[in-house]
Amino acid sequence: MPQDAAHAPETLLDVRNLSVDFRTPRGRVKALRDVSFPIRRNRIVGIVGESGSGKSTVLWALLGLLAKNADVMGGEVRFGDRDLLHASEAQLRATRGEEISVVFQDPMTSQIPVLTYGRQMLDILYRRPNVSATEKRHMAVEMLRKVGIPDPDRRIDQYPHHFSGGMRQRAGIAMALLTGPQLLLADEPTTALDVTMEAQIIHLLQDLQKELDATIVVVSHNLGLIAELCDDVVVMYAGEVIEAGDVREIFHNAQHPYTRALLECDPARINDVSRKLPVIPGDIPDLSKALSGCIYAPRCQRVLPVCRETLPPDVARGEMSLARCHLLDGPHRDSSWPPPLDVMTVGQGEGTAAKPARAQRDAPLLDISDLSVQFEVVGPIQARLKGLTQRHVDAVLDVSLSVAPGETVGLVGESGSGKTTLGRCVLNLLPSQAGHVRFEGEDIRNMPEGRFKPLRRDMAMMFQDPVGSLSPRKSVRALITEPFQIHGIAGVDLDAEAERLAEMVRLPKHFLSRYPHELSGGQARRVGVARALALNPKLIIADEPTAGLDVSVQGEILNLMADLQAEHGLGYLIITHNLPVVRHIADRLAIMYLGRIVEEGPTDEVFARPVHPYTRALVEGVPQPDPDRRRVHVSISGEVPSLLNRPKGCDFAGRCPVAQDRCRTEKPPHLTMTDGRRHACHFPLG
Amino acid sequence: MSENRSESETGILAVDVSGLSDHVTDAETRESAARERREKLRMFLTNWQGLTGLILVAVFFASAIFAPWLAPYDPNALDVPARLSGPTLDHLAGTDQLGRDTLSRILFGGRVALKIAAIGVSVALTVGLILGMIAGFGPRWLDSLLLLVFDTVRSFPTIVLALATVALTGPSLAVVLAIVIITSIPQYARVARTATLTLRNTDFILAERSLGASMTRTLLHHVMPNVVGPLLILAAMDVPVVVTVEAGLSFLGLGVTPPTASWGTILNEGYLVIRDAPWMVIAGGIPLILTTLGFTFLGEALRDIFDPRMGKGR
Amino acid sequence: MLYYLTKRLGLSALVIGLVVLVLFSLLYFIPGDPATIALGPRATEEAIARYAEKMHLDEPVWRQFLIYIGNALTGDLGLDVFSDRPVTAIILERIGFTLSLVGVGMGWAVLLGIPLGCLAAVRPNSWLDRVTGILSVGTIAVPSFLVSIWALLIFAVHLRWLPAIGAGEPGQVGDQLIHLILPAFAIGLSWVGYLARMVRASMLEVMGENYIRSARAFGLRPRRVIFGYALRVAILPTITLIGMGFGGMISSTVFAEIIFARPGLGKLIFDAVMARNFPIVQGAVLVATGLYVLVVLFSDTLIAWFDPRVRESL
């Protein structure tokens, strides 16, 4: 830590040499080691890292709210003239909420379900005995109004479950800002939200920071959010700060090999659409074991023998900039590091596999036409009692989509768009009410399970939660050979098959005897792929294949899927909300909104020239991991309407910046443009 | 960690993806599994409750099974001259109004308790598990129907239902057993149903369905292994209830019929002579308490170790 | 809220209907003439004939059932076999003794158990927590009827501090209260431990929730966090437990009333069983069960009042 920066007058809070251990059954885990960085007044500081980096632990240490099994091993947190690490509980309590406040990651679980927002906000203001209850309520209402909650006078008396996710997070921000704190901590504030909502929250935080002259610390794994929102950035890896600096320095001139690799792995930063994504090999180290040398050495592309023995120096660049690497200073200094930005420093797996020759588009593997799926929301008796006429909602409405052999189709939508329902319906896991689903020409919609079962060998599904989609009490071996048993395939040597499949998904053999909870997300995902591929299917429906995976490892899975496609000519239907990822892997995209496909076409064209305003909002909604490409304003506001109140006209009309009267009264039909793209918009963008 | 990485990987750019995330060797996997087992065993052995519970339960089983060899007297042998004797060296727990040795009667009474507990709990558990899984996995109407039945059965306080039944059939061990089973089933079924219901919508059950697994296969291979654990813990906690119901009904004279020794009948006979021979109600109660304590401790220790979320702490 | 209540009420009515059906059909599961079974072997020819007419035994079974339901709805539960007095009147005479016992027994358990559990959860592993832990396991392990017997032995027979039998002189509130002490102690004791553990466990679970961390991160006073936030949520499963456990409470009451010769509903049922006076058994069991269903309904309502999510659910 450069001493001059630590004592610079504008430093609001200074973390110095913070070390935290966790006592676990496996021994002491050294979760934070010697963490130092300043937080400068009136700036937005981003702490960025992958899972296991300790970024959230830092945040809780600042508040003195570490888990019970945590021991602070040393260091201090200077805040004004106090050291928060060694302050009394009473002092800390006086600080929390008043001077330092928090916005939480998951607004669904971090707000008490049985109290109204009014009650919760009054509680936060308990330290103001001179302010009357009426005034406090007024303050709360005004704060809710400020964070963009419509009709706050009425909504303040509602409970958290009455609010949508985005609104809850707005209310969470209102609660945090109610007392006018000097420092606002935000723990992954948008992770639980959809893309369009994330953009709104980012801008809300930016506006509030300017308006209130606040200092904000944002903890996130999302490079786009950090680049878009922050002024200063602290990069953490496995419990250490490995680099820190101004946001532009970090994103345009990263010094540490890990920062560099992390940026290269972010699909949103890769401009050339490539079928192979870069990957940082290896896992984060086991922090319960003895550590020596550079913490990143085992995964580093530029590792030197010295890196394994000696802790690298903190090499300072500017006021608060530093990077911890042998390449930057001392006897091992390499003047050619870091290489220019267009030189890749991490590998992309073995040679770029050629795209397989595409089968003719007129012989689709899967062909969905006019499919509709309805869900019953209230039972017949209840509907009568409550006087409801509408008992069903359309989760999927008039959807047409096809997947050819060897083709990857991306089905993109926010939560509640019906994309997962559509996927499950294709596999006959849910009944549908109208339309056709044809697989190799045969209509399979609502086919009885007895007749459908043989078809399951040709169609497989990968589920969203990699570990959760594996039966918890079965070994990996049992799991990947189960398809053979289910389909009664005789004459197979199950052990040999298990090993063949493990090899195919690049899962080392000894993992076969493990159980799902002993696997990392990436490993569990491989098991899922092996299961899906066991019977040589022709079509794979993958629901959020990169969910729960860190940026540095999601490439592994996507590359594996691409290789298998090239090898076996698989058709993929990839269901995701992650536009940057899908851009690299999908040939065609279909965008879903409220159960309908609003636009469909070749991926590069959809990205380059979106036709539907919603598509444009989605494409623009992804925060760019480049601080020079910040957006000035959010393109769409509001929220996805409830399926119970499906708009009469265009589903998107209420949020559309270019909507006209016709859009509100007449549902746009699906139209095919001259270049073969389809859309559902009365006034397509030029 | 680092010693597992080969030197060839230290070069830039040429990184093989296939060796990812597997610096943990086979030996380490086995070691971690063994370590986890050792850890669970250690947790159990250092848990004084668990250990006490295990010992008490073992004593309960052993004394009931070996009662004919352990008992100093024939439990039904009359010795009228020595009636209502206090605890002496000849009769460690005294004698009853017919001069029968209380200790021998307690040992033989344990057999009744064991029989009721073993049969009652295992039948109730099995039936409850099956009904619960059906309710949780079957169609909505069947679930509602079964829930209604469970609610109805549960609405009868156990003893009250037993009284009503015995009023018609007369006292017998079979009736006690039937009552115990019928009143226990709903709680097993409810736990199994809730667990099944939660599992039903998990990704892994959907994954099994998408592979084409039949309902039977899904239930037997993927639902049951995840439901049966909490039920076994519940069963350990249920043994005391079952034993108490038997003792209680026998105490009221509505359980086992007179000459047969049971903890309840000893208490019953003791209650009648409580002013003259207080040791009988004391001696009759102690094995009941020890058994209850043993199974409760055991159940809780198992729960703490295997399902820490259910009842944290202690 | 209204919809929720309507639904709960409807379900409760359905359960009571099924309870009547079970009680009614019990008679017909037993081989033999219903009148003889119901009235027992001591009943006279005349009584049997009268009973057969009164119960419309010549009608088809389903009509008999409807007639019974219809009569029960108007408060007519039939006639006592021996005295010919209306069963309803006899039950009303006795029910007060039971209600006061249950009220006082549950009351002291709740007043002691919930604060104990709270305090134990706030300071896990403190001496108070340990003492509470040992105390609660100890009290849970002793069956309530054994507590009754031993309490009788110690406080009434041995120390002679408190009266052993009866409910006290009619009209003398002080005397009645003194007679209430021992049985209420006996039926409430295991509940103290039960509630303390339950509250402790659910408090500890809630204390680990994100929203508790939020409340602390906003600097709320610990007292507010514990009582205003954590207890507010943790009390919900406890209310359910009290409601569901009320059946066990009734069972304990039956024992306590018999052991302390207290003329309540339980004693009434027991005496009627011994005398094979089935109309009384049927009526009193129905009332006891109905009481239980009402308590569960009340606890459900209480939860809906505390928890907006339940209130607005289906």
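Residue by residue, here is whether (1) under 28 Å from C:L162 (Cα atoms); (2) at the interface with chain B (Cβ under 10 Å from one of its Cβ atoms); (3) not in a helix (DSSP H, G or I) holds:
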residue	(1), (2), (3)
C:M244	no, yes, no
C:M249	yes, yes, no
C:V254	yes, yes, no
C:A261	yes, no, yes
C:F270	yes, yes, no
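Mind listing whichever residues of segment A:26-76 are of a type in the set (G, A, S), under 30 Å from C:P222 (Cβ atoms) and in a loop (DSSP other than H, G, I, E, B)?
Within segment A:26-76, A:G54, A:G64, A:A67 qualify.
In segment A:542-569, what residues are on the phi > 0 side of the Ramachandran plot and not charged (D, E, K, R)?
Within segment A:542-569, A:G548, A:G569 meet the criteria.
Select from segment A:124-177 the residues that are more than 14 Å from chain C (Cβ to nearest Cβ) and in contact (Cβ under 8 Å) with a residue 40 or more places away in the chain and write down the one among them that is most open to solvent (accessible area, probe 1.4 Å).
Restricting to residues being more than 14 Å from chain C (Cβ to nearest Cβ) and in contact (Cβ under 8 Å) with a residue 40 or more places away in the chain, the top hit is A:K146.
Provide a single number: the residues in segment A:178-200 that are touching a helix residue (DSSP H, G or I) at 6+ places or on another chain (Cβ under 6 Å) and part of a helix (DSSP H, G or I).
Number of matching residues: 4.
Would you check if there is a residue in segment C:163-180 being at pLDDT below 80, facing another protein chain (nearest Cβ under 10 Å) and open to solvent by less than 70 Å² (accessible area, probe 1.4 Å)?
Checked against the condition, which is being at pLDDT below 80, facing another protein chain (nearest Cβ under 10 Å) and open to solvent by less than 70 Å² (accessible area, probe 1.4 Å), segment C:163-180 yields at least one hit.
Among the listed residues A:L594, A:L539, which satisfies the condition of being at positive phi and more than 11 Å from chain B (Cβ to nearest Cβ)?
Answer to the check: A:L594.
Please pick out the residue among A:E482, A:E518, A:E503 that is of a type in the set (D, E), surrounded by fewer than 21 Cβ atoms within 10 Å (Cβ to Cβ) and modelled with pLDDT of 85 or more.
Just one listed residue meets the conditions, A:E503.
Suppose we filter segment A:425-468 for residues that are of a type in the set (K, R), open to solvent by 70 Å² or more (accessible area, probe 1.4 Å) and within 13 Å of chain B (Cβ to nearest Cβ); how many remain?
So the count comes out to 2.
Residue check: is A:A653 farther than 21 Å from A:E228 by Cα and among the aliphatic types (A, V, I, L, M)?
yes
Yes or no: C:V192 in the same structural domain as C:V131 (by TED's automatic domain parsing) and touching a residue at least 60 places away in the same chain (Cβ under 8 Å)?
In short, yes.
So, B:V256, is that one buried (at least 22 other Cβ atoms within 10 Å of the Cβ), over 17 Å from C:I259 (Cβ atoms) and more than 10 Å from every other protein chain (Cβ to nearest Cβ) or not?
The answer is yes for B:V256.
Residue by residue, here is whether (1) of a type in the set (G, A, S); (2) modelled with pLDDT of 70 or more; (3) surrounded by 13 or more Cβ atoms within 10 Å (Cβ to Cβ); (4) not in a helix (DSSP H, G or I) holds:
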{"site": "C:A35", "(1), (2), (3), (4)": "yes, no, yes, no"}
{"site": "C:I69", "(1), (2), (3), (4)": "no, yes, yes, no"}
{"site": "C:D76", "(1), (2), (3), (4)": "no, yes, yes, yes"}
{"site": "C:S83", "(1), (2), (3), (4)": "yes, yes, no, yes"}
{"site": "C:L101", "(1), (2), (3), (4)": "no, yes, yes, no"}
{"site": "C:G113", "(1), (2), (3), (4)": "yes, yes, yes, no"}
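Tell me whether segment B:124-137 contains one or more residues that are open to solvent by 10 Å² or more (accessible area, probe 1.4 Å), modelled with pLDDT under 90 and more than 26 Å from B:P240 (Cβ to Cβ).
Within segment B:124-137, one or more residues are open to solvent by 10 Å² or more (accessible area, probe 1.4 Å), modelled with pLDDT under 90 and more than 26 Å from B:P240 (Cβ to Cβ).
Every residue, every condition in (1) hydrophobic (A, V, I, L, M, F, W, C); (2) farther than 21 Å from B:I182 by Cβ, yes or no:
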residue	(1), (2)
B:T244	no, no
B:L249	yes, no
B:Y271	no, yes
B:I274	yes, yes
B:T292	no, yes
B:F297	yes, yes
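Let me confirm something: among C:A275, C:A288, which residue is touching a Lys or Arg at 6+ places or on another chain (Cβ under 9 Å) and within 14 Å of chain B (Cβ to nearest Cβ)?
Result of the check over C:A275, C:A288: C:A275.
Counting only residues that are open to solvent by 10 Å² or more (accessible area, probe 1.4 Å) and in contact with a Pro (Cβ under 7 Å, 6 or more places away or on another chain), how many does segment A:224-252 have?
Here the count works out to 1.
From the residues in segment B:257-314 that are under 27 Å from C:L159 (Cβ atoms) and among the aromatic types (F, W, Y), which one is modelled with the highest pLDDT?
The qualifying residue modelled with the highest pLDDT is B:W263.
Out of all the residues in segment B:275-282, is one or more in contact with an Asp or Glu (Cβ under 7 Å, 6 or more places away or on another chain), among the hydrophobic types (A, V, I, L, M, F, W, C) and either open to solvent by less than 40 Å² (accessible area, probe 1.4 Å) or touching a residue at least 24 places away in the same chain (Cβ under 8 Å) (or both)?
yes
If you go through segment C:299-314 one residue at a time, how many are within 14 Å of chain B (Cβ to nearest Cβ) and either without any contact (Cβ under 8 Å) to a residue 60 or more places away in the chain or not in a helix (DSSP H, G or I) (or both)?
1
Report yes if A:T57 is of a type in the set (S, T, Y), more than 29 Å from A:A140 (Cβ to Cβ), in contact (Cβ under 8 Å) with a residue 24 or more places away in the chain and buried (at least 17 other Cβ atoms within 10 Å of the Cβ), otherwise no.
yes
Among A:R78, A:R93, which is the only one that is without any contact (Cβ under 8 Å) to a residue 12 or more places away in the chain, surrounded by 14 or more Cβ atoms within 10 Å (Cβ to Cβ) and basic (K, R)?
A:R93
Can you name every residue in segment B:207-217 that is without any contact (Cβ under 8 Å) to a residue 60 or more places away in the chain and not charged (D, E, K, R)?
Scanning segment B:207-217 gives B:A207, B:S210, B:L211, B:G212, B:A213, B:S214, B:T216.
Going by what's in this entry, would C:V137 be described as β-branched (V, I, T), part of a helix (DSSP H, G or I), open to solvent by less than 50 Å² (accessible area, probe 1.4 Å) and more than 12 Å from chain B (Cβ to nearest Cβ)?
No: the conditions fail for C:V137.
Taking the condition in contact with a helix residue (DSSP H, G or I) (Cβ under 8 Å, 6 or more places away or on another chain), part of a helix (DSSP H, G or I) and either more than 14 Å from chain A (Cβ to nearest Cβ) or of a type in the set (A, V, I, L, M, F, W, C) (or both), does B:I274 pass?
Here the answer is no, as B:I274 does not meet what is asked.
Restricting the search to segment A:366-393, which residues are closer than 21 Å to A:R438 by Cβ and out of contact with any Phe, Trp or Tyr (no Cβ under 7 Å at 6 or more places or on another chain)?
Hits for segment A:366-393 are A:D367, A:I368, A:S369, A:D370, A:L371, A:S372, A:V373, A:Q374.
Report, ordered by the first and then the second residue, all pairs with beta carbons closer than 7 Å, sequence separation of six or more or different chains, a first member in segment B:240-261 that is under 18 Å from C:G248 (Cα atoms), and a second member that is of a type in the set (V, I, T) and part of a loop (DSSP other than H, G, I, E, B).
That search, which allows pairs on different chains as well, returns B:S250/B:V256.
The values are calculated or read from the model by the stated rules, or taken from the named source; none is laboratory data. Everything quoted here is computed from the prediction, not taken from an experiment. Every residue, glycine as well, gets a Cβ built from its backbone with ideal geometry; the counts of neighbours run over all protein chains shown. Accessible surface areas use protein heavy atoms only, side chains included; no ligands, DNA or RNA. Shrake-Rupley method; radii C 1.70, N 1.55, O 1.52, S 1.80 Å.
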